[in-house]
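The next block holds one structure in the form of structure tokens; read it before the comments.
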Amino acid sequence: MLQDYDLEIDRIVEEINTANAKKVCIQLPDGLKPFASKIVSELKTKTNAEIFLWAASNYGACDIPFYLDKFEFDLLVNLGHAMFKR
């Protein structure tokens with residue numbers, strides 16, 4: 001079922017590696033959380049980053065987790081969100 005989604009894992013891997021990110025937070029909508037361990041495992045395999053999963057609920061593209069600055073993540077990856085328009 002995960003193959004039904006285009007999660008752009010290779011693009012995420014490239015971004016993590018390009019940014020030389022060591023601590024990465026992954027934010028998933030509730031519908032993708034059943035696949036969290038597979039997503040995290042693949043990212044750990046393809047990068048040198050420590051991958052963390054934000055397990056709390058989120059409610060769309062504008063829902064950035066509170067207190068992220070306390071964890072000092074190098075990168076936040078939001079999956080399943082609409083893109084921001086500037």
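The values are calculated or read from the model by the stated rules, or taken from the named source; none is laboratory data. As the structure is a computational prediction, the values presented were derived from the model and not from experiment. Neighbour counts are summed over all protein chains in view; Cβ atoms, including those assigned to glycine, are modelled from backbone coordinates with ideal geometry.
Tabulated results
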{"item": "Residue in segment 39-50 that is surrounded by 12 or more Cβ atoms within 10 Å (Cβ to Cβ), at pLDDT 85 or above, of a type in the set (Ser, Thr, Tyr) and out of contact with any Ser or Thr (no Cβ under 7 Å at 6 or more places or on another chain) present", "result": "yes"}
{"item": "Test for Asn58: is it assigned to a loop (DSSP other than H, G, I, E, B) and at pLDDT 85 or above", "result": "no"}
{"item": "Count of residues meeting criterion [at pLDDT 95 or above and in a helix (DSSP H, G or I)] in segment 13-30", "result": "6"}
{"item": "Residue under evaluation Gly31, criteria (1) touching a residue at least 40 places away in the same chain (Cβ under 8 Å); (2) under 21 Å from Leu68 (Cα atoms); (3) out of contact with any strand residue (DSSP E or B) (no Cβ under 6 Å at 6 or more places or on another chain), criterion not met", "result": "(2)"}
